[in-house]
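First comes the structure, then the notes that go with it.
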Amino acid sequence: MTTTAINDPVLEIRGLETHFFTRDGVVKAVDGVNLTVGKGEILGLVGESGCGKSVTSMSVLRLIQNPGEIVEGTILFHGEDLLGLSEKEMRSIRGDRISMIFQQPVGSLNPVFTAGSQIAEVYEIHESLKKKAGNAKAVEMLEKVGIPDPERRAKAYPHELSGGMAQRVMIAMALAAGPELLIADEPTTALDVTIQAQIIDLMREIRNDLGTSIIVITHDLGIVAEIADRVSVMYAGEIVEEAVTETLFAHPKHPYTRGLIGSIPLAGDRREWLEVIPGRVPNLIDLPGGCRFAPRCKAREEAGLKICTEQRPELINIDDAHTVRCFLYQEGAK
Amino acid sequence: MSDDLYDPSDEPLEPTDDQPLNTIEASDAIRDKVRMDLSGGDVSASTSGGLWRTAGREIIRKKSAIVGMSLLSILLLLAAFAPIIAPYPPDEVLFDQGVSPRDPPCIHLFGCAEENSQHILGIDGNGRDYFSRIVYGARVSLLAAFVAVLFASIWGTTVGLIAGFFGGWVDNFLMRVMDVLLSFPSLLLAIVVVTVLGPGLINAILAIAIVTIPQYARIVRSSVLSIREQEYVSADQALGVSRWRLLAHRIFPNTLTPLIVIATLGVATAVLEIASLSFLGLGVQPPTPEWGSMLAAERNQVFTAPHLVFFAGLMIMWNVLGFNLLGDGLRDAIDPRLGR
């Protein structure tokens, strides 16, 4: 459990378990996740593909579809449990108070409507604005996200926009209703590096200007280093380490985090070998009994820890703002 | 951006005053520069207009579509201005004007005696001006086909949307009903429907519509199934769009393209089926001029008065060919845009 004192939390996820009931067995995509996002904070959620990052975010919006189901936990949004709301109440929160941007910017826009009309629709739904007023506000919004010549762009169809442009439109859509929390699921993955930098700047600017809390989901540590105030590292459905960004990069504790940071290739840095984490993410249906990272963990072997394969580690406080789920840091574990 | 990236080969980084990790001011300046430099490249040329304008431009390049459209415009003009174009009312019996049944065509320009009245396609078995009947026939044929397709596509779309969107037992139930309809040869089923409802134009239209509903339902359902999984649908859900709005405002417009193509081709089929039913005496009843029933009425005179069979048949073919060519052209014009 995070003991980090976060003032004025916007979102508090407690013990979230989202499972998928497939024919082959129960996939524990999210298995006991705790997360807190403060007001105006940017939280980075990092992990390999399939570790449950996206499922966590979809759970927050309650958009988990069959055969998935949120089986446990609470998701407090300003102290109100989202899991207890009716579908109708939830719908009024989606896009209005919590919104989301997706990985594929062009694919996330409806191909048969213009960019402007899609943004305008958010106003129609959540603020009951008429089409015309909505369109005017859509143009304003496009300008805010840094789209040149917004009036012309508002009339463009998604296939006429470049990736970076489309992502700005997505962001404009997500921000249209002035949400308190923005979830960005791999917002820059599909973009060129130069455009990535622009989008990152834009999100930071949004936080600074509007005080929006942002959860950035990514597998790219570079982006996290750029943008996040705090980072949660996810592995196989659980949080394995959480710390303030600077601390995490300076003193990574969990062997998995260290492996992730070590495996970043750097421009201009010629090495014979790039560090890799051996093995693969465990099968989420048939999870290892002890620590989920144990089968891939070199540090465990070096330290000669037996407990890792026998017991599940708890989150341990390293200091006020740094927790890690690893027996290496538990006193008496050796 | 790479300046700010963490370099693991360095000593542990501590954020310091002169080199903080998140240099907001510094990146602000860079951003403005970057934006100026890159905004040109970030903008794709978007001089093209909407979807339909693109499709319109595309279709003008297709010769077959142009031919189809020309054939159909002629038919439409015939239908719209029938009272002006036709020299006689279609039902008027002209025996008192010196004609006899099945007179061959008489065209003054081609040397027909001036004292005989001009009938460019001759006289039918009941002493009526055949050309006038052909012209009025365009009205019945086009109207019946359009109404049948409209009816079928509205119902088919509704069924397809609901089945595809809600899935589960709703989908199973609706599509099995459609399969049952589809398992009968369409004309046979239409004959059954007309037999139950009784012959007549309205019932023939209804029969043809009911028979073709499954085609539309299937096409729409399959589009819905693929569109439902698109990311923009999840994006819309994340924006708080309700299910019905999602269905009506988001998914439905995306199914329109294939729908328009098969509806156009469907009109051709409907024209043919209306004519077939009328030919069998189950559709349009005499004396209403309809090409199928006109064909049937004179079918025994193929050798003695071939013009009375030939022109009615030609018109049916004209109509079917027009819609088929237009439909093919539309498909070619709209589909590549989707692939882009």
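The values are calculated or read from the model by the stated rules, or taken from the named source; none is laboratory data. What you are looking at is a predicted structure, and each value in this text was computed from that prediction instead of being measured. Here the Cβ positions follow ideal geometry from the backbone for every residue, glycine too, while neighbour counts run over all protein chains shown.
Structural remarks
- All of B:Pro87, B:Pro105 fail the test of being modelled with pLDDT of 50 or more and surrounded by fewer than 16 Cβ atoms within 10 Å (Cβ to Cβ), apart from B:Pro87.
- Every test in (1) surrounded by fewer than 20 Cβ atoms within 10 Å (Cβ to Cβ); (2) within 14 Å of the chain's Cα centre (by Cα) is passed by A:Ser86 save one, and that test is (2).
- Flag for A:Glu275 being on the phi < 0 side of the Ramachandran plot and at pLDDT below 90: yes
- Close pairs (7 angstrom Cβ cut-off, 6 or more residues apart or separate chains): touching a residue at least 40 places away in the same chain (Cβ under 8 Å) in the stretch A:126-154, in a loop (DSSP other than H, G, I, E, B) anywhere: A:His126/A:Gly95; A:His126/A:Asp96; A:His126/A:Ala177; A:His126/B:Gly240; A:Glu127/A:Ala177; A:Ala154/A:Thr114
- Scope the stretch B:56-75; condition small (Gly, Ala, Ser) and crowded, with 19+ Cβ neighbours inside 10 Å; matching residues: B:Ala65, B:Gly68
- Scanning the stretch A:293-317 for residues that are in contact (Cβ under 8 Å) with a residue 60 or more places away in the chain and surrounded by fewer than 16 Cβ atoms within 10 Å (Cβ to Cβ) gives a single hit, A:Asn317.
- Filtering the stretch A:187-222 to residues that are farther than 24 Å from A:Ile239 by Cα and among the small types (Gly, Ala, Ser) leaves A:Ala190, A:Ala197, A:Gly211.
- Residues (closer than 20 Å to B:Ile274 by Cβ, among the polar types (S, T, N, Q) and either free of Cβ contacts under 8 Å to residues at least 40 places away in the same chain or buried (at least 18 other Cβ atoms within 10 Å of the Cβ) (or both)) located in the stretch B:166-207: B:Ser186, B:Asn203
- Matching residues, the stretch A:137-162, being surrounded by 17 or more Cβ atoms within 10 Å (Cβ to Cβ) and more than 9 Å from chain B (Cβ to nearest Cβ): A:Lys137, A:Ala138, A:Val139, A:Met141, A:Leu142, A:Lys144, A:Val145, A:Pro150, A:Ala154
- The residue that is nearest to A:Ala177 (Cα to Cα), among those in the stretch A:218-233 that are buried (at least 24 other Cβ atoms within 10 Å of the Cβ) and more than 13 Å from chain B (Cβ to nearest Cβ), is A:Ser232.
- Subset of the stretch A:104-132 that is of a type in the set (Gly, Ala, Ser) and assigned to a loop (DSSP other than H, G, I, E, B) - its residue that is surrounded by the most Cβ atoms within 10 Å (Cβ to Cβ): A:Ser108
- Only one of the numbered conditions (1) over 25 Å from A:Val193 (Cβ atoms); (2) among the aliphatic types (A, V, I, L, M); (3) crowded, with 18+ Cβ neighbours inside 10 Å; (4) touching a residue at least 60 places away in the same chain (Cβ under 8 Å) is not met by A:Leu248, and that is (1).
- Among (1) out of contact with any Ser or Thr (no Cβ under 6 Å at 6 or more places or on another chain); (2) closer than 26 Å to A:Ser49 by Cα, the one test that A:Ala176 misses: (2)
- Only one of the listed residues (B:Ala268, B:Ala235) is away from chain A (no Cβ under 14 Å), of a type in the set (A, V, I, L, M, F, W, C) and buried (at least 18 other Cβ atoms within 10 Å of the Cβ). That residue is B:Ala268.
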